[in-house]
Each structure stands twice: as C-alpha cells, then as structure tokens.
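The structure appears below as structure tokens.
The values are calculated or read from the model by the stated rules, or taken from the named source; none is laboratory data. What you see is a predicted model, and the numbers here were worked out from it, not measured in a lab. When we count neighbours, we look across all protein chains shown, and the Cβ atoms used for this are built from the backbone with ideal geometry, even at glycine.
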Amino acid sequence: MEANILDNLEVVYQKPETLTDTPFHYCPGCGHGVAHRVIMEVVEELGIQDQTIGVAPVGCSVFAYHYMNVDMQEAAHGRASAAATGIKRVLPDKYVFSYQGDGDLAAIGTAETIHTVNRGENILMVFVNNAIYGMTGGQMAPTSLCGQVTSTSPYGREATQIGFPLKITELIAQLPGAYFVARHAVHTPNAVRKLKKALKSAFEYQKLNKGTCFIEIVSNCPSGWKMNPLDSQKWIEENMFPMYPLGDIKVPGKSTTPSTENN
Amino acid sequence: MENSNKKEVRLMKGNEALAEAAIRAGIKAYFGYPITPQSEILEYFTEQAPKRNFTVLQAESEVASINMIYGAAGAGARVMTSSSSPGVSLMQEGISYIATAELPCLIVNITRGGPGLGTIQPSQGDYFQSVKGGGHGDYKLIVLAPSSVQEMADFVFEGFKLAEKYRNPALILADGALGQMMEKLVLPEEGSLPHVTPDWATIGKTKDRERNVITSLHIQPEKMEAVNHHLQEKYKAMEQEVRFEEYFMDDAEIVFVAFGLSARICQKAVDIVREKGIKAGLIRPITLFPFPKQRIADAAQNAAGFMVVEMNAGQMVEDVQLAVNGKCPVYFKGRMGGMIPTPEEIAVELEAKFIHHEEEV
Ligand SMILES: Cc1ncc(C[n+]2csc(CCOP(=O)(O)OP(=O)(O)O)c2C)c(N)n1
C-alpha cells in the first residue's frame, strides 16, 4: 500500500487562527474577503489577537465579526469610528480598528470620519472603497466615478447634479491628527503584499500614540458593477486607479504632499 | 476633629450635582455635546477630568456621543452621556442599538421646551420619547425622574445600578429647571458603587474563551424574534423596580399624578386645596418606566377622580388613563413651550373640575 500522499506535503499556506471557520458570504470575486484575511493575518503575525478589538460597519461587511476571530462590535451605519473612539478611550492600551465601506465612511459617517482623524484617535481605520453601495443593491456611492452607472445613477453619475467622487482619503490626510495614510488594493497578489505591509505598520504605530492610521483599499463589487470578477479587476485598473491612485499619501516623518489631481 | 462619617452637604446646581455624583459613581468616560440647559454637565466634567481619573470627550455631535457610548459600554466601561431634547432626538438610533445589544449606560435628558428648536426653558415634553421607545423597534429604557437636586445626584447611582443589573440603558429625565436650580444636597460617597468588567465585554479575546461580539443584528427573523422575546421578558422583570412617592394619599379623594418638577408644584397645590378642606393627594411616579400602574389602579378604586399635571400637552396622562381604566374621571392640566404652572393655577383647575364641575370647552 502506498503511503498517504498528504504525509509528504508541507504546509505553505493556511488560514490564520484569527479567522473563524465560517465560510465568507461574499459574492464570488469580491475584495472584502481578501481584505478581512490580510487584516487578520497581520493580527496573528503580530501576536495581538488578545489585545485587538474590531468594529464592523453597516454594509456588506456588517458580518465581519462572523469571520474575524477577535472581539468585535457592530456599529450603526457610519458610526464605526465613533464606536472605535469609545472603545479606545476606555481601553487605551488595546489595538482598535474600524472597517468601513464608502457609503458608511464617506457619506453617512463623514462627520465621524473627519473628527475621529482630527482628534488623532490612536486607532486604525480601514476603508474599503468599491465605489458603490454593495449591501443595499448597487446604489451610487460618494466615491462612484463620473459617468458610472448604478441603480440610482441610471444615466451615469453626473457631477453637476451630485458632485464629484469624494477623495476622502486625500481630504483626511490634510488633518494633523492623521499619522499614516495610504491607499492600497487587493486585485493582485503583489497589491495584497503591499497592503499587508502597510497594515502591519499601521497596527504597530498604534503603540506610538501619534494619531490615526487610515488605509483605503480600492476594491471591486462584481455584483453591483454587473461584471464578472475578472472584468471587475480590469475595471479597477482602468477606471478606479486613475481617480484613486495607489501608494502612500501621508507617511510618518515626511511632509504631506497630497495629490492635487481631480480627474 | 473631623468626623469621617460626616455627610458632605453642598449647595449645588442640579446639573453640577449630577456630574459630581457621576464622578463619585466611578464613571470611566463621559461623551457629550453642548446644549442648553445642560452644558454645565460637560463643563463640570472637562474641568474635573484631569484631576479625577476619568475620560471626558466633547464629541462632534450627539450622534457621535451616543455611538461612543455604544463602543465604550460594549468594552465594559461605566459610561454616560447627557443632552437636552433636540440632542436626545439625534441619539435615538444609537439608543435603539444600545438597548438591543443590551449595553448598560446612563443617558441624561435635561429637557427643554419643544417641538423643534423650541425654547431653552424647562419642559416635560419628552415623556413619550423616553418611555415609549423613542427610537425604532420594541425596546424600553429604565427611566428615572428626579424632582430635586438631591435626586439629580442620587439617581445617577440608582441609574447605573439598574442599568448594570438589567444590562439596559437607563435614562434620567429631568427638566431645565432641575438642571439649573441650586439646592442643598448630601453628596453620595465616592467609590461606593463597585464595578466589575462584565464577561461579555469586548476587551480582547483570550485563548480560553470564544470571541465576544456586541451586535444588534440578527438577520434570521426567527432569531430576531427570539431576541425580542428575551428583551420583553427582561422588561417584564424590570417591573419590580417600580418606584413612586405619595403625598397625603391616606384619605385622598382627588388624586394628582405628576412627575419631576410638576410633582413639587403639585405638592404645593395639595397644600392649598387642603386648606380649603378638599381632600387631595399626590402620587409621584419616580420610575416612569416601569410605571406605577398598580398603585394608580388601586387609588382609582376609591377616588372621585384624577388630575394629571405635566409641562407638556398631555403625555403621561395617557398612562394614567390606562391604569385608571375608566373607573373615574381623569383630567389634565398642562403648560407647554417652557412655561411652568403655578400651584395656584393648578388649585383653580382642580376646583373648576371637581367642585364647580366645569367641562372643557
Ligand atoms: C441609518 C441607515 N441608513 C441606511 C441604511 C441602509 N444601508 C445599509 S448598508 C448601506 C450602504 C453600504 O454601502 P458601503 O458603505 O459602500 O458598503 P458596501 O456594502 O459597498 O461594502 C446602506 C445605505 C442603514 N442600515 N442605516
């Protein structure tokens, strides 16, 4: 009889312990699942599972607490950073992060977003920008692109009527309370690696008490965009990145040079 | 030599007495936004915080305050916020989340006259909002209605005790006059209200337990109904906490029902009509939820009638009518928009209804 072929295999990749066994409910090809995993890998690698508290938003990632194996709170729509502020203020030695979509963070929660960063709360805010309201069925988001067709911009987003896409990440990078601000993506393995590095720094910076770390993840929504996952990745590169260019926006120790382009 | 058991008597404003009591109750954090007539609470906290080991944060709005409370209460801390009517309206979504997630905390509403931006003068116009839900869905707050500066302080302790016992938000419903007026009070003793971090709090998942989750979301209707049943059972159990006070009820034929400042004014009205030989008495609900419906129902057995006095258009009167259940007439005397009734005008109203039998026009 042959030996079990699994005996000779080496584990090169596995689910971190900081993710539960619950299968993701996300649509095929959606970036939320990858974003969850990367954050939780970082928590595991830093060995801070027992000191980390996360806040889930209202949006597709409302059930982030089903997957992230850390203590979690589910906040009201737009208020994740306020809830995270409340947690951090009474538990200043813990690692606190919020995870929000673009509707949550940049529309209904804009005031909380700006003031949380302006106070320089020592938390990490993760902002998943998919340019659409995924959970409620594909309505226009503050970050939807000009001309983008959604269920509430059926003729394409018209800037003269509803304004331009809101580059909230550049906006908050202007605030002295922001310590580290960067924009990343999850559409390729290389992008994921870069995101992971940034997330790791952002968690570590919390110990310095220097201010808010803010990481935008430019992501996709195949269902909302009505595309297959592959086309959605192409659409990110061709349409999202020109508006939302990847890279560091504010780096500790360096002066802020926020992007001025508004194409 | 100083007697260590000596009671600490002070002359204080209601708002400041409340804030001082909260510090003595060991609050870990306060989040709030300025609004008259309760800004002294935030001001007192910001002045005291550096000296007394708690966190105070002036939030960007009442929406932010209440969601900071959600986060901090979910992290197991004893926390509170305060506001006045328009600000409390803004908090309602958050309060509904807090009630559903079963987070103990204290909310204070130093009510002003409405509706709308209204006036900064005192009012009891937020009774419905406080006891009937206020925000969306079926939930209840424990509602305490002080009627003196002493009670502004005492009910902070009471509020936290009940909130933590039932894992439920408690609300102190006072009006602008109680917040602003100065009275002598005995301050509660610092450190007399112990607090332990609850085991459900999100303080970091250790290896020996499952992760803790604070949420109000239960997407399966069967589960959400079960959560509702659980909450309703809890609200039933809270009925045993009912508190009220009586004044001249032993032989009362005509019964005033009033809470907070109105109750103090009614006491005076009782004195006035008693001098004329009218046997009036007063039931003063201290807890507005749970409501002293049994006591009122008992009184209705022998009473000639009731007169409910409120600084609003008639809100608690509906709960009195439910408790009286048609056994005898229930009249209402109210002032609105920040106006405070005088004992004399209440006495005149009582005589008009019960002695001269004038009907409403
Ligand atoms: C107060 C309130 N308003 C509206 C909603 C409905 N709602 C739920 S999620 C959502 C938008 C979510 O979009 P986004 O934040 O971009 O996250 P995504 O679902 O795309 O990940 C809206 C409008 C709500 N739950 N609460």
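Against the condition away from the ligand (no atom under 16 Å from the Cβ) and out of contact with any Ser or Thr (no Cβ under 6 Å at 6 or more places or on another chain), how does A:Leu145 come out, does it pass? Answer is no for this residue. Out of the residues in region A:203-249 that are polar (S, T, N, Q) and away from the ligand (no atom under 16 Å from the Cβ), which is farthest from A:Thr116 (Cα to Cα)? Looking at the filtered set, the residue picked out is A:Asn228.
Every residue, every condition in (1) more than 10 Å from the chain's Cα centre (by Cα); (2) crowded, with 24+ Cβ neighbours inside 10 Å; (3) without any contact (Cβ under 8 Å) to a residue 40 or more places away in the chain, yes or no:
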position	(1), (2), (3)
B:Glu93	yes, no, no
B:Ala101	yes, no, no
B:Gly116	yes, no, yes
B:Leu144	no, yes, no
B:Phe160	yes, yes, no
B:Gly176	yes, yes, no
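The set of residues in region A:144-162 that are closer than 17 Å to A:Asn130 by Cβ and not in a loop (DSSP other than H, G, I, E, B) comprises A:Thr150, A:Ser153. Among the residues of region B:12-37, those that are part of a helix (DSSP H, G or I) and in contact (Cβ under 8 Å) with a residue 40 or more places away in the chain comprise B:Gly14, B:Asn15, B:Ala17, B:Leu18, B:Glu20, B:Ala21, B:Ala22, B:Ile23, B:Arg24. Considering (1) more than 8 Å from chain B (Cβ to nearest Cβ); (2) surrounded by fewer than 24 Cβ atoms within 10 Å (Cβ to Cβ); (3) touching a helix residue (DSSP H, G or I) at 6+ places or on another chain (Cβ under 9 Å), the lone condition that A:Lys94 does not fulfil carries the number (1). Restrict the check to region B:38-54 and report whether at least one residue is within 11 Å of chain A (Cβ to nearest Cβ) and buried (at least 24 other Cβ atoms within 10 Å of the Cβ). No, that holds for no residue. Within region A:219-253, restricting attention to residues that are hydroxyl-bearing (Ser, Thr, Tyr) and touching a strand residue (DSSP E or B) at 6+ places or on another chain (Cβ under 8 Å), which residue is farthest from A:Val34 (Cα to Cα)? The extreme case among them is A:Tyr244.
Under the condition of being in a loop (DSSP other than H, G, I, E, B) and of a type in the set (Gly, Ala, Ser), the residues counted in region B:167-215 number 4.
Against the test of being out of contact with any His (no Cβ under 9 Å at 6 or more places or on another chain), more than 22 Å from B:Pro115 (Cα to Cα) and not in a helix (DSSP H, G or I), the options B:Arg295, B:Arg284 yield a single qualifying residue, B:Arg284.
Within region A:42-71, being of a type in the set (Val, Ile, Thr), within 16 Å of the ligand (Cβ to nearest atom) and facing chain B (nearest Cβ under 8 Å) holds for A:Val55, A:Val62.
The set of residues from region B:70-88 being out of contact with any Leu (no Cβ under 8 Å at 6 or more places or on another chain), in a helix (DSSP H, G or I) and crowded, with 24+ Cβ neighbours inside 10 Å comprises B:Gly71, B:Ala72, B:Ser85, B:Val88. Just one of the listed residues (B:Ser123, B:Ser148) is more than 15 Å from B:Ala25 (Cα to Cα), buried (at least 24 other Cβ atoms within 10 Å of the Cβ) and not assigned by TED's automatic domain parsing to the domain that holds B:Phe332, namely B:Ser123. Among the residues of region A:110-120, those that are away from the ligand (no atom under 13 Å from the Cβ), surrounded by fewer than 24 Cβ atoms within 10 Å (Cβ to Cβ) and at negative phi comprise A:Ala111, A:Ile114, A:His115, A:Asn118, A:Arg119.
There is at least one residue in region A:177-187 that is within 14 Å of chain B (Cβ to nearest Cβ), touching a Lys or Arg at 6+ places or on another chain (Cβ under 7 Å) and away from the ligand (no atom under 16 Å from the Cβ). Selection of region B:195-250 for residues being on the phi > 0 side of the Ramachandran plot and within 14 Å of another protein chain (Cβ to nearest Cβ) yields only B:Gly204. A:Ala107: touching a strand residue (DSSP E or B) at 6+ places or on another chain (Cβ under 9 Å), within 21 Å of A:Ala198 (Cβ to Cβ), more than 9 Å from chain B (Cβ to nearest Cβ) and within 12 Å of the ligand (Cβ to nearest atom), yes or no? In short, no.
Among the candidates A:Gln49, A:Gln73, the residue that is modelled with pLDDT of 95 or more and crowded, with 24+ Cβ neighbours inside 10 Å is uniquely A:Gln73.
Quick check: is even one residue across region A:208-223 assigned to a loop (DSSP other than H, G, I, E, B), surrounded by 14 or more Cβ atoms within 10 Å (Cβ to Cβ) and hydrophobic (A, V, I, L, M, F, W, C)? Yes, that holds for at least one residue.
Within the bounds of region A:152-163, is there any residue that is aromatic (Phe, Trp, Tyr) and either under 18 Å from the mean Cα position of the chain (by Cα) or within 16 Å of the ligand (Cβ to nearest atom) (or both)? Taking every residue of region A:152-163 in turn, none turns out to be aromatic (Phe, Trp, Tyr) and either under 18 Å from the mean Cα position of the chain (by Cα) or within 16 Å of the ligand (Cβ to nearest atom) (or both). Take the conditions (1) within 14 Å of chain B (Cβ to nearest Cβ); (2) away from the ligand (no atom under 16 Å from the Cβ); (3) over 16 Å from the mean Cα position of the chain (by Cα); (4) not basic (Lys, Arg); A:Pro23 misses just one of them, which is (1). Taking the stated definitions as given, is A:Val181 touching a helix residue (DSSP H, G or I) at 6+ places or on another chain (Cβ under 8 Å) and assigned to a strand (DSSP E or B)? Here the answer is yes, as A:Val181 does meet what is asked.
Quick check on B:Ala269: is it in contact (Cβ under 8 Å) with a residue 40 or more places away in the chain and not assigned by TED's automatic domain parsing to the domain that holds B:Met68? So B:Ala269 fits the description; yes. For region A:75-104, a residue qualifies if it is among the charged types (D, E, K, R) and away from the ligand (no atom under 16 Å from the Cβ), and the qualifying residues are A:Lys88, A:Arg89, A:Asp93, A:Lys94. Among the residues of region A:130-142, those that are in contact (Cβ under 8 Å) with a residue 40 or more places away in the chain and more than 8 Å from the ligand (Cβ to nearest atom) comprise A:Ala131, A:Gly137, A:Gly138, A:Pro142.
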